[in-house]
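Below: one structure, written as structure tokens.
The values are calculated or read from the model by the stated rules, or taken from the named source; none is laboratory data. For clarity, every value in this text was computed on a predicted model and none was experimentally measured. Because the Cβ atoms are built from the backbone with ideal geometry, glycine has one as well, and the counts that use them run over all protein chains shown. In case anyone asks, the SASA skips ligands and DNA or RNA and just uses the protein heavy atoms, side chains included. Shrake-Rupley method; radii C 1.70, N 1.55, O 1.52, S 1.80 Å.
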Amino acid sequence: MQNGKGIVEINRVREYMTRAYHIDRIVLEMSLKPFKKTEEGYIKEICRTAFRQWLPLLNTGKRWSVLLWVSDGSEILDWDGDYNREIEWARYIGCANERRNENIKIKLSKEISKPLVYMDDPPKFTYGKIKRVIEIFKETALTEYDKVLEVGIAFDPGHEFAYSDFKYKRHPEIFSIQIDDKTEIPEYLASHYVALTCWSLLHADTRRYASYAEGIPEGTPFGEFLGKQCASYLPAMGFDYVWFSNGFGFSTAPWNYQGLNFDGKRFGVIDYNLIKDKLMSFWRAFMSACPGYRVEIRGTNYGVGMDLASDCVPLKELYENKLIQFPPPNSPWGAINSDYGLEYTGIMSRISYTPGRQFPFRFYANDPWFWQNPWTDYYGKNTHDIYCPLAISRLNSKGETESPDIVEILTIDTEYGALDGEYAQEIIPHLIQAICEYPDQPGILTWLYPFREYHDEVEKDQVNSGNVFFGDWFIRNAINNGLPLNTVMSTDVFKEISCEGRCISLLKDTILVAATVPCGEKYGKEISDFVRSGGKILLYGPINDQYLGELLNISSVEGIEGKVLLNILTKTDNIEAKVDNCGNTNDLPGTGYEVLNHVSLISGGGIREVLFDRADQYTHVYAKVDRDVVVKDAEAGERIFALSRSMPEWNGGIAAWVRGSLPYATERISPLPVRQSPDYYDSTILARYMLAPFGYDFLQDRINGNSMPVLIFVSRFDNAFYFSGYKGDTTSVQRLLFPQGVPVLTGIETRIKGGAGYYSQGKAFRHECRIFVKQKDSVISCRQKSSGGNATRQVYLERTIEIYNLDNAKITIYPPLRAITGKTLIIKNNNKSMDWTGMVSDGRCVIMDGISGTIRFAW
């Protein structure tokens with residue numbers, strides 16, 4: 001007979017796991033490499049193995065999909081209806097089409113640039129055999145798991161995966177960026193990696209194709225051709241959707257952060273409406289030629305504002321014209337470049353505004369094309385790129401959080417065609433836990449993303465799209481410097497809840513993070529009203545708006561740029577050695593000033609901000625810049641770089657601001673911005689320092705300036721705080737302080753020193769926190785304990801947490817809300833029961849003072 005405790009535990013687990021089963025679709029991506037033989041029995045066993053290894057994850061999805069990477073999509077272009085025709089497929093390790101590599105100015109290792117065949121005597125595939133693979137996959141899913149399986153096919157615009165006669169011999173014209181008779185391809189892009197141009201026009205071709213039996217007529221739009229070929233190929237083979245890979249349909253240069261509109265020296269190189277019309281012409285031609293089939297997209301490696309500023313990508317128009325059902329997933333560049341700030345900036349900007357509720361998450365487990373397998377070779381089996389991106393959520397107009405409901409695994413096979421069940425067993429539990437603990441309220445910071453305003457700004461005046469460029473890249477750097485930002489909300493939603501008077505109630509537990517430009521007509525007033533009514537916001541960027549200037553006590557004078565001195569007047573990270581590994585230092589000897597090289601082109605113009613009223617007692621300056629240490633006159637050189645302000649009549653409202661500057665040298669074409677000389681300071685770290693006015697310290701002790709800052713994110717679930725992060729340098733130590741006190745993380749010890757908590761986690765970390773402590777210097781331990789000692793015949797408990805070594809402490813406890821409302825919470829101090837019902841604050845936590853010894857709380 002099941003006892004009461006067991007019933008409670010079963011119900012708790014059932015409720016917890018139910019969250020995982022809200023996932024709409026699980027997608028397993030794979031190449032043809034595992035099918036080393038083409039006999040039907042062998043194919044069926046491979047299909048069974050793929051499902052069996054990933055079954056615990058598949059079982060969380062209402063629907064299942066397999067995305068097949070057959071070739072590079074050229075099999076679609078070459079399709080002529082002949083099932084017996086042999087195809088060129090992606091059987092290589094390394095980049096195919098090596099002549100293409102020689103024509104572009106990118107450095108590839110010898111191993112990548114000269115591809116190897118993945119096995120001796122690889123199998124030959126005809127269209128008919130691929131069709132049979134798809135049929136067996138679907139039959140296996142239906143007969144053995146009662147699932148109707150969708151199978152997708154990938155189309156890639158580049159040269160990496162397989163040799164392509166269509167792209168590089170018959171129709172090389174698709175790689176020229178054809179704009180119009182008056183506009184030529186920018187020289188800075190012509191000699192670098194350029195992908196297939198989706199709006200290109202094909203030359204005449206007499207070869208027979210399925211949709212062009214007499215050949216391709218001169219001037220046929222590529223989108224029309226691809227659409228008609230897909231309309232024939234997808235149903236003939238049994239495919240259910242098509243996946244556009246690696247920026248196809250978005251950009252002609254998806255691997256460069258510069259693009260058609262930004263050459264590193266100026267914005268406005270190209271006409272936005274011209275590029276928008278070209279891209280939209282492709283999408284309309286394709287969708288018209290291939291109706292009834294879903295298109296899924298990989299997108300570029302960049303955020304919405306980044307794509308807009310550099311390449312004029314009109315994502316808003318693609319959404320609003322219903323050409324795309326949901327946004328691209330997170331980029332794998334977080335793993336490849338350890339640039340998680342770029343990955344997470346991309347996620348949040350893309351999901352801030354979408355055509356529907358759904359958006360995907362993609363985990364980079366294997367790579368079937370190259371030698372690396374990320375789970376071991378990039379991540380080292382660490383779980384940060386699971387827990388950190390899945391700590392990200394979007395706020396809707398009801399104040400509810402929304403998280404990914406499509407989970408994609410790139411890929412389940414290795415470069416040698418192995419299906420490694422060990423990888424699946426190691427990855428799946430963490431994916432399921434992260435899904436079960438999806439955020440159910442905003443994190444401590446929420447990015448107010450101007451999705452609509454960014455598009456309007458670039459369309460209105462792409463010369464000024466540097467403001468848009470600055471907005472996204474600033475956040476990328478700030479996250480890489482440890483800013484705990486993992487919730488996003490669009491300005492559309494903000495305006496809706498502002499009009500309805502719900503802003504303060506819905507956002508009372510989070511701090512908005514918002515760009516100052518481009519503002520839009522009413523943006524500044526809406527922000528000002530929000531703060532004056534009790535809201536909290538961290539602004540970044542130049543102050544050009546009257547309402548924001550009045551809010552912050554800022555006026556503008558002539559801007560300064562170039563080399564300036566930065567004086568930081570708040571607590572900062574402790575850097576053990578100012579000199580980096582190369583012997584460089586980024587401060588001015590003997591002054592305590594940092595040296596900043598402000599590039600106005602990419603940083604919203606010159607630094608123009610000064611105090612309007614220097615005598616205002618409610619304005620607190622946290623950083624200043626100056627042309628010279630000696631100069632004190634504001635008009636001569638001193639400018640304000642960071643401040644906060646809070647008036648008594650604002651009902652607790654706080655506005656903090658950091659001007660911001662991007663530390664990039666932009667002249668060189670490259671995938672990622674090139675860092676300025678290490679002599680110059682990266683001031684985006686001030687975004688993290690500027691959490692201090694709100695009562696937060698997110699500080700770090702690092703060995704030197706080269707030590708990668710700790711990435712940290714704080715999400716909320718079941719009234720707990722979850723700390724997820726990544727330490728690029730495990731010697732770094734975090735110093736954390738919240739308004740409630742020091743976070744005490746379940747399962748580890750916390751050192752309290754000088755009022756802050758010190759933490760020395762491993763490479764990747766994920767910790768629950770349900771208690772905050774204010775007390776003198778000590779070491780506190782927190783553990784989950786057996787609930788048996790607290791249970792009675794009438795009360796059966798789910799969990800018990802115990803905290804040791806308290807000393808006249810003020811503690812704040814966050815149990816599940818149901819434990820407070822249902823009064824099932826039990827609190828004992830040194831084994832003595834305490835009546836907590838009069839200590840509840842805001843209905844969400846219990847606050848106790850003067851506590852010593854041990855506290856045990858259970859529910």
Surrounding charge for Asp146, neighbours by C-beta under 13 angstrom, Lys/Arg +1, Asp/Glu -1, total +2
Answer in debye to the nearest 20: the dipole magnitude of region 272-385 about its Cα centre, from +1 Lys/Arg and -1 Asp/Glu charges placed on Cβ, is 420
In terms of the charge dipole of the chain, which places +1 on Lys and Arg and -1 on Asp and Glu at the beta carbon, the residue among Ile412, Trp255, Thr38 farthest towards the positive end is Ile412
Rounded to the nearest 5, the percent of DSSP beta bridges in the chain running antiparallel is 65
Counting only DSSP loop positions in region 307-356, the trypsin sites (Lys or Arg not before Pro) whose Cβ has at most 16 other Cβ atoms within 10 Å are Lys322
A chain fully extended from Thr38 to Gln617 at 0.36 nm per residue, minus the present Cα-Cα distance, gains in nm 200.6 nm
Any GluC sites (Glu not before Pro) in region 750-859 that lie in a DSSP loop and have at most 14 other Cβ atoms within 10 Å would be none
Pro739 neighbourhood, Cβ < 14 Å, K/R = +1, D/E = -1, net charge +2
Of the accessible area of region 447-588, computed with a 1.4 Å probe and all protein chains kept, carbon and sulfur make up a percent value of 46
About its Cα centre, the chain carries a charge dipole, from +1 on Lys and Arg Cβ atoms and -1 on Asp and Glu Cβ atoms, whose size in debye to the nearest 20 is 2680
Within region 793-833, DSSP-loop trypsin sites (Lys or Arg not before Pro) with at most 15 other C-beta atoms within 10 Å are Arg793, Lys823
A student applying the Cα gyration tensor rule (rounded when a/c is under 1.5; otherwise prolate if a/b is larger than b/c, oblate if not) would label region 774-859 oblate
So for R0 = 35 Å, FRET eff. of Ser176-Lys124 from the Cβ-Cβ r, to 0.05, ends up at 0.55
Once the dipole of region 635-694 is set up from charges on Cβ (+1 Lys and Arg, -1 Asp and Glu), the residue from the list Val658, Pro671, Phe694 lying farthest towards its positive end is Pro671
Partner lysines whose C-alpha sits under 25 Å from that of Lys147, ignoring same-chain residues fewer than 8 away, are Lys33, Lys44, Lys62, Lys129, Lys131, Lys138
Which of (i) 1.10; (ii) 0.98; (iii) 1.07 is the computed Rg/Rh (Cα atoms, Kirkwood Rh)? It is (ii)
When the charge dipole of the chain is computed with +1 at the Cβ of Lys and Arg and -1 at the Cβ of Asp and Glu, the Cα pointing farthest to the positive end, of Cys436, Phe494, Trp243, is that of Cys436
In degrees rounded to 10, the 0-90 angle between helix 466-480 Cα long axis and the longest Cα principal axis of the chain is 70
Order by accessible surface, 1.4 Å probe, largest leading, for residues Arg532, Arg25 comes to Arg532, Arg25
On the formula 1/(1 + (r/R0)^6), with r taken between the Cβ atoms of Thr206 and Glu86 and R0 of 22 Å, the FRET efficiency rounded to 0.05 is 0.55
XL table Lys278/Lys316; Lys124/Lys167; Lys36/Lys169; Cα-Cα > 25 Å flagged, in table order, is Lys36/Lys169
Toy charge model, Lys and Arg Cβ at +1, Asp and Glu Cβ at -1: region 514-576 dipole around Cα centroid in debye, rounded to 20, equals 180
So Asp377 and Ser841, fully extended at 0.36 nm per residue minus their Cα-Cα distance, gain in nm 162.3 nm
Expressed per residue, the solvent accessible area of the chain in Å² (1.4 Å probe) is about 36
